[in-house]
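S.K.: Quick one: the structure is below, and I'll ask about it shortly.
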Amino acid sequence: MVEEAGTTMFADPAWFKLLQDAVAKDCELAVFGRWSTLSFALQVGETVFLIRLLNGKIEEIVKEPDTSDSWSFKLSGSPEDWKAFLQETPPPFHHDLLAMNARISTFSIEGDWHTFVQHIRVVKRIVRIARSLGYSID
């Protein structure tokens, strides 16, 4: 998104680096994420990020992947959706990905639902870690 003086904003490469490092250090994810190797997309407004997981760790994040890249599912929302979701105490229906998918018209989960549900614990842990980083970091 945007970088303000001294602040790293959500969806900025520096924010994703913080997320990647936090996921790598997470002991809980190290236990149950070790069988999760997949790629999924995260869309913020018009910008798409491909997130590649290897054994539950973020191996790579690709901004605006090309047509040769693929993913199993995509979490798609407006910048406002993500800002609300990443609050320490989110507003109603922004507390969980499935709740957002069901109740927020500008948010969707698209693609292979079987793979999404199969890896939902890992994805939810990653987004919980993302929530701990917040929408912006001072």
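What follows is calculated from the coordinates using simple rules that are stated; it is not laboratory data. The structure presented is a predicted model; accordingly, all values stated were derived computationally and were not measured. Note that each Cβ is placed from the backbone with ideal geometry, even for glycine, and that neighbours are counted across all protein chains shown.
S.K.: Restricting to region 122-138, and then to whatever is over 13 Å from the mean Cα position of the chain (by Cα) and loosely packed, with under 15 Cβ neighbours inside 10 Å, can you tell me which residue is nearest to P13 (Cα to Cα)? Walk me through how you get there before you give the answer.
M.R.: Kept after step one, since they are over 13 Å from the mean Cα position of the chain (by Cα), are these residues of region 122-138: 136-138.
Still in the running and loosely packed, with under 15 Cβ neighbours inside 10 Å: 137-138.
Working: I137: 13, D138: 15 Å.
Across region 122-138, the extreme among qualifying residues is I137.
S.K.: I've got another one for you. Does A30 qualify as being over 25 Å from W113 (Cβ atoms), aliphatic (A, V, I, L, M) and loosely packed, with under 13 Cβ neighbours inside 10 Å? Break it down into steps so the answer makes sense when it comes.
M.R.: Values: over 25 Å from W113 (Cβ atoms): yes; aliphatic (A, V, I, L, M): yes; loosely packed, with under 13 Cβ neighbours inside 10 Å: no.
Considered against the rule, which asks whether it is over 25 Å from W113 (Cβ atoms), aliphatic (A, V, I, L, M) and loosely packed, with under 13 Cβ neighbours inside 10 Å, A30 comes out as no.
S.K.: Which of (1) closer than 18 Å to R125 by Cα; (2) among the hydrophobic types (A, V, I, L, M, F, W, C); (3) touching a residue at least 40 places away in the same chain (Cβ under 8 Å) is the odd one out, the single condition A84 does not satisfy?
M.R.: Every condition holds for A84 apart from (3).
S.K.: If we keep just the residues of region 48-67 that are without any contact (Cβ under 8 Å) to a residue 40 or more places away in the chain and among the basic types (K, R), which is surrounded by the most Cβ atoms within 10 Å (Cβ to Cβ)?
M.R.: K57
S.K.: Looking at S78, S70, S39, which is the one that is surrounded by 18 or more Cβ atoms within 10 Å (Cβ to Cβ) and of a type in the set (S, T, Y)?
M.R.: Details: S78 fails: surrounded by 18 or more Cβ atoms within 10 Å (Cβ to Cβ); S70 fails: surrounded by 18 or more Cβ atoms within 10 Å (Cβ to Cβ).
Only one candidate passes the filter, namely S39.
S.K.: Give region 105-132 a look and list any residue that's in contact with a Ser or Thr (Cβ under 9 Å, 6 or more places away or on another chain) and among the hydrophobic types (A, V, I, L, M, F, W, C), or say none.
M.R.: F107, I109, F116, V122, V123
S.K.: Additional query: Give region 67-110 a look and list any residue that's more than 27 Å from T37 (Cα to Cα) and among the aromatic types (F, W, Y), or say none.
M.R.: The one that is more than 27 Å from T37 (Cα to Cα) and among the aromatic types (F, W, Y): F93.
S.K.: Right, here's the next one. Does at least one position in region 92-105 carry a residue that is in contact with a Leu (Cβ under 6 Å, 6 or more places away or on another chain) and surrounded by 15 or more Cβ atoms within 10 Å (Cβ to Cβ)?
M.R.: Quick first cut of region 92-105, residues in contact with a Leu (Cβ under 6 Å, 6 or more places away or on another chain) only: none.
No, that holds for no residue.
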